[in-house]
Amino acid sequence: MDPDTCCAQMARQLTLTCETHSDLAACPDSLIVRTRHDYGIRIHDGGSGFLVIAYCPWCGQHL
């Protein structure tokens, strides 16, 4: 597991690759975004928007 991640599920999300979608914003399996300063949950509405989160949705640890 990546030392920058809090749990295995977050690690899987942050290293996700998709053979079908070249842009992860279009992939329904891609739930988490990591930017330079934030983590977020994707808004799957056809764009690349996301809601910033402060805690891991799986383990609850502060990000």
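Read-outs: derived from the displayed coordinates by stated rules, not from any lab. Please read these numbers as outputs of a predicted model, since none were measured by experiment. Positions of Cβ are backbone-derived with ideal geometry, glycine not excepted, and every protein chain shown enters the neighbour counts.
Side notes on the structure shown:
- Amide proton proximity set for residue 32, modelled H, under 5 Å, gap of 5+: 42
- With only the Cα atoms considered, region 8-53 has a convex hull volume of 77 Å³ per residue.
- For residue 50, the residues whose amide H sits under 5 Å from its own are 43, ignoring neighbours fewer than 5 places away on the same chain, with H placed 1.01 Å from N.
- Burial ordering of 30, 48, 22, fewest other beta-carbon atoms within 10 Å first: 22, 48, 30
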